[in-house]
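Structure first, then comments.
The values are calculated or read from the model by the stated rules, or taken from the named source; none is laboratory data. Everything numeric in this text was worked out from a predicted model, so none of it was measured. Cβ coordinates were reconstructed from backbone atoms using ideal geometry, including for glycine residues, and neighbour counts include every protein chain displayed. Remember, those area values only see protein heavy atoms, side chains included, never the ligands or the DNA or RNA. Shrake-Rupley method; radii C 1.70, N 1.55, O 1.52, S 1.80 Å.
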Amino acid sequence: MGRSALDKLATEIRTCRLCIDEPMGRPLPHEPRPVLRVSRTARVCIVGQAPGTRVHASGTPFTDPSGDRLRDWMGMTPDEFYDVSRIAIVPMGFCFPGLDAKGGDLPPRRECAGHWRARLFELMPQIELTLLVGQYAQAWHLGRARKSSLTETVAAWRSYLPSALPLPHPSWRNNAWIRKHPWFETDVLPVLRRDVRRLIG
C-alpha cells in the first residue's frame with residue numbers, strides 16, 4: 001500500500017525549514033525540530049502552543065510536568081496518550097520557538113499555522129474532539145467564537161462542544177488560575193475524561 005497523503009504531508013512538516021529559510025521576522029535561533037503526531041484513525045486531537053526545551057530535546061510532545069498534568073486531566077495513561085492511532089497532537093508551532101529575555105518560551109512561530117494547518121486538518125476529517133490548550137490554539141480554531149480572555153473562553157466550554165474543548169495550559173504557572181477557578185476541576189474535567197474515554201474506546 002502506498003503512503004497516504006497525510007503521511008506525505010507529515011514528512012514534509014518534519015523537514016520544514018520555513019522559519020529559517022523564509023522567516024516572518026527573526027529567523028529561528030536554532031536548528032528546527034518539528035514535533036507532531038498524526039494519524040487517520042485518531043478521534044481526539046490535542047492542540048497546544050509549541051514544544052518547550054524538553055520536548056525539543058526528546059522529539060516527543062508533552063514529555064514534561066505539563067504533560068503529566070494534561071494526562072491526569074484527560075484520565076489517560078502514558079501508553080494511551082502516546083498511541084497515535086487514538087490521539088493526534090498538533091501544536092500551533094511545530095518547533096521550539098526559543099526563550100524570551102525572562103527565560104520563558106516565546107510565542108509559537110507564525111510560519112507554521114499559515115502554511116501547514118488547514119491542509120493538515122483537511123486530511124484528518126475523523127477528528128471528533130479537539131482540545132484547545134491555551135490562547136493561541138483557541139484563537140486559531142475558534143476564531144470569532146473565542147471570548148475576550150482565556151478565562152471567559154474556558155468558562156464558555158459548553159458552547160464549543162462536541163467538537164472542541166478549550167483548556168488552560170497545564171503548566172505549573174497556572175496553579176493560581178486553577179485554584180481561583182475551582183469550576184474547572186469540578187465541572188470541566190469530568191466531561192473531558194468522559195468524552196476522551198468514549199472516543200478512544
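Which of the numbered conditions does Asp72 fail, given that it passes all the others? Conditions: (1) in a helix (DSSP H, G or I); (2) closer than 25 Å to Arg173 by Cα; (3) touching a Phe, Trp or Tyr at 6+ places or on another chain (Cβ under 9 Å).
Unmet condition: (3).
With the requirement that a residue be open to solvent by less than 70 Å² (accessible area, probe 1.4 Å), touching a helix residue (DSSP H, G or I) at 6+ places or on another chain (Cβ under 6 Å) and of a type outside the set (Ser, Thr, Tyr), what does the stretch 140-163 give you?
Hits for the stretch 140-163 are Leu150, Trp157.
Take Arg86 and tell me if it is of a type outside the set (Phe, Trp, Tyr), at pLDDT 95 or above and open to solvent by 40 Å² or more (accessible area, probe 1.4 Å).
yes
Would you check which residues across the stretch 85-117 are assigned to a helix (DSSP H, G or I), touching a Leu at 6+ places or on another chain (Cβ under 9 Å) and farther than 13 Å from Pro23 by Cα and list them? Show your work before the answer.
Taking the stretch 85-117 first, the residues assigned to a helix (DSSP H, G or I) are 110-117.
Keeping just the survivors that are touching a Leu at 6+ places or on another chain (Cβ under 9 Å) gives 111-112, 115-116.
Within the stretch 85-117, just Trp116 meets the criteria.
Name the residues in the stretch 123-138 that are part of a helix (DSSP H, G or I), farther than 18 Å from Trp73 by Cα and out of contact with any helix residue (DSSP H, G or I) (no Cβ under 9 Å at 6 or more places or on another chain), would you?
Scanning the stretch 123-138 gives no hits.
Go through the stretch 57-82 and count every residue that is open to solvent by less than 50 Å² (accessible area, probe 1.4 Å), in contact (Cβ under 8 Å) with a residue 40 or more places away in the chain and on the phi < 0 side of the Ramachandran plot.
Residues in the stretch 57-82 being open to solvent by less than 50 Å² (accessible area, probe 1.4 Å), in contact (Cβ under 8 Å) with a residue 40 or more places away in the chain and on the phi < 0 side of the Ramachandran plot: 7 in total.
Would you please name the residue that is nearest to the chain's Cα centre (by Cα), looking only at residues in the stretch 15-58 that are hydrophobic (A, V, I, L, M, F, W, C) and part of a helix (DSSP H, G or I)? I'd like the intermediate steps shown before the answer.
Residues of the stretch 15-58 hydrophobic (A, V, I, L, M, F, W, C): 16, 18-20, 24, 28, 35-36, 38, 42, 44-47, 50, 55, 57.
Imposing the further condition that a residue be part of a helix (DSSP H, G or I) reduces the set to 18-20, 55, 57.
Numbers: Leu18: 20, Cys19: 19, Ile20: 22, Val55: 13, Ala57: 18 Å.
For the stretch 15-58, the residue satisfying everything is Val55.
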